[in-house]
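Student: Mind having a look at this structure? Questions to follow.
The values are calculated or read from the model by the stated rules, or taken from the named source; none is laboratory data. What you are looking at is a predicted structure, and each value in this text was computed from that prediction instead of being measured. No Cβ is skipped: glycine too gets one built from the backbone with ideal geometry, and neighbour counts run over all protein chains shown. Side chains included, ligands, DNA and RNA excluded: accessible areas come from the protein's heavy atoms. Shrake-Rupley method; radii C 1.70, N 1.55, O 1.52, S 1.80 Å.
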Amino acid sequence: MQGCTANPISAWMTVPLVIAAVLCLPGAVSAQEPESEDARVTIMGVVYDVVTGTAIPTAAVSLENGRRGVLTDDQGVFRLEDVEAGPQLLVVTQFGYQKRAVAATVTPESSGMMQVALTPRPIMLAGVTATVENVTEMEARLRFRRRAAGFSTQAYDRQELFRAMSGTPLDFLNQRTMVRIVTCPAGTMSSRCVYRRGFAIEPWVYVDEALAWGGLDELETYAVSDIYLMEVFSWGSEIRIYTNQFMEQMARRPIMPIPLNLWTRPAR
């Protein structure tokens, strides 16, 4: 990048958990060039392994509030469009790596690529192949359960969730799926239900294979960037989400998914 020649690896290695970097580009931090409040910019960069120097694909890069983000491609490159000009904090995560926060100041005149180095966790140092295989195995087990369900199923991965730019999993469910969310009738524990076959029903809602007693309301407590996968069964009769933290645990040891509960109602 022009105007910013410091070695990114040596700079970030000095801070163990949170890194602060400036996108040093022409005009990026000039106090003599005031920015328009409505200016929007595109932030581009590459995420790589600080130990091996290799690119890290499918790393999640999101704004600080967690409500917008993208995944890196096969070359570790990300492109985050329509970002407000000025100071921004990007959060970068990937299984087996330490979470990183990168402070960047950008302007409409900015160009070039940010470089973000991630430090492997011990699980990655113990074996990248084993980590990837365990996550793949867990994904396969969830996919097998969906295929064996015998009724309508939809699955939304991190790429789809990020592209939608929805604030929460509940927003995504309401805006990007065929699930019809309505107000629950009097006497129910949740405030939100789904409309199925002429009735408003409380769906089964699971977070990381555990029943969410708050129902759909609990989906509002997460950001979309927290979610690795969302499953929707029978037009919303049962909804399951899996967080990045849960899948990180599955990278160590996959589990067998619990059975679906479509044909009974949860005791509340």
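Student: Within the stretch 130-165, how many residues turn out to be farther than 30 Å from Glu81 by Cβ, touching a residue at least 12 places away in the same chain (Cβ under 8 Å) and not acidic (Asp, Glu)?
Tutor: Result for the stretch 130-165: 12.
Student: Further, regarding this structure: Please verify whether Gln175 is at pLDDT 90 or above, among the polar types (S, T, N, Q), crowded, with 16+ Cβ neighbours inside 10 Å and not in a loop (DSSP other than H, G, I, E, B), treating the condition exactly as stated.
Tutor: Working: at pLDDT 90 or above: yes; among the polar types (S, T, N, Q): yes; crowded, with 16+ Cβ neighbours inside 10 Å: no; not in a loop (DSSP other than H, G, I, E, B): yes.
For Gln175, the condition - at pLDDT 90 or above, among the polar types (S, T, N, Q), crowded, with 16+ Cβ neighbours inside 10 Å and not in a loop (DSSP other than H, G, I, E, B) - is not met.
Student: Would you confirm, using the coordinates I've provided, whether Ile241 is in contact with a Leu (Cβ under 9 Å, 6 or more places away or on another chain), at pLDDT below 95, open to solvent by less than 10 Å² (accessible area, probe 1.4 Å) and within 19 Å of Met178 (Cβ to Cβ)?
Tutor: Working: in contact with a Leu (Cβ under 9 Å, 6 or more places away or on another chain): yes; at pLDDT below 95: no; open to solvent by less than 10 Å² (accessible area, probe 1.4 Å): yes; within 19 Å of Met178 (Cβ to Cβ): yes.
Against the criterion (in contact with a Leu (Cβ under 9 Å, 6 or more places away or on another chain), at pLDDT below 95, open to solvent by less than 10 Å² (accessible area, probe 1.4 Å) and within 19 Å of Met178 (Cβ to Cβ)), Ile241 does not qualify.
Student: Which of (1) at pLDDT below 90; (2) in contact with a Lys or Arg (Cβ under 9 Å, 6 or more places away or on another chain); (3) surrounded by 15 or more Cβ atoms within 10 Å (Cβ to Cβ) is the odd one out, the single condition Arg158 does not satisfy?
Tutor: Arg158 satisfies all of (1) at pLDDT below 90; (2) in contact with a Lys or Arg (Cβ under 9 Å, 6 or more places away or on another chain); (3) surrounded by 15 or more Cβ atoms within 10 Å (Cβ to Cβ) except (2).
Student: Under the condition of being assigned to a loop (DSSP other than H, G, I, E, B) and out of contact with any Leu (no Cβ under 8 Å at 6 or more places or on another chain), which residue from the stretch 139-155 is least open to solvent (accessible area, probe 1.4 Å)?
Tutor: As a first pass, look at the stretch 139-155 and keep what is assigned to a loop (DSSP other than H, G, I, E, B): 148-152.
Subsequent filtering for residues that are out of contact with any Leu (no Cβ under 8 Å at 6 or more places or on another chain) retains 148, 150, 152.
Details: Ala148: 69, Gly150: 77, Ser152: 35 Å².
Once the filter is applied, the top-ranked residue is Ser152.
Student: Residues that are modelled with pLDDT under 85 and part of a loop (DSSP other than H, G, I, E, B): does the stretch 113-122 have at least one?
Tutor: Going residue by residue through the stretch 113-122, those that are modelled with pLDDT under 85 are 121-122.
Filter again for part of a loop (DSSP other than H, G, I, E, B), leaving 121.
Within the stretch 113-122, one or more residues are modelled with pLDDT under 85 and part of a loop (DSSP other than H, G, I, E, B).
Student: Still on this structure, please answer the following. In the stretch 180-221, which residues are within 27 Å of Ser62 (Cα to Cα) and open to solvent by 60 Å² or more (accessible area, probe 1.4 Å)?
Tutor: Residues satisfying the conditions are Glu220, Thr221.
Table: residues versus (1) of a type in the set (A, V, I, L, M); (2) surrounded by 15 or more Cβ atoms within 10 Å (Cβ to Cβ).
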position	(1), (2)
Gly76	no, yes
Val83	yes, yes
Leu89	yes, no
Thr93	no, yes
Gly96	no, yes
Lys99	no, yes
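Student: Return yes or no: is Arg163 assigned to a helix (DSSP H, G or I) and more than 21 Å from the chain's Cα centre (by Cα)?
Tutor: On the way: assigned to a helix (DSSP H, G or I): yes; more than 21 Å from the chain's Cα centre (by Cα): no.
It is false that Arg163 is assigned to a helix (DSSP H, G or I) and more than 21 Å from the chain's Cα centre (by Cα).
Table: residues versus (1) among the polar types (S, T, N, Q); (2) open to solvent by 10 Å² or more (accessible area, probe 1.4 Å); (3) modelled with pLDDT under 95; (4) part of a loop (DSSP other than H, G, I, E, B).
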site	(1), (2), (3), (4)
Tyr228	no, yes, yes, no
Trp235	no, yes, yes, no
Met247	no, no, yes, no
Leu260	no, yes, yes, yes
Pro266	no, yes, yes, yes
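Student: Within the stretch 214-226, how many residues are within 26 Å of Glu133 (Cα to Cα) and modelled with pLDDT of 85 or more? First the steps, then the outcome.
Tutor: Initial filter on the stretch 214-226 (within 26 Å of Glu133 (Cα to Cα)): 224-226.
Of the ones still in play, those that are also modelled with pLDDT of 85 or more are 224, 226.
Selection size over the stretch 214-226: 2.
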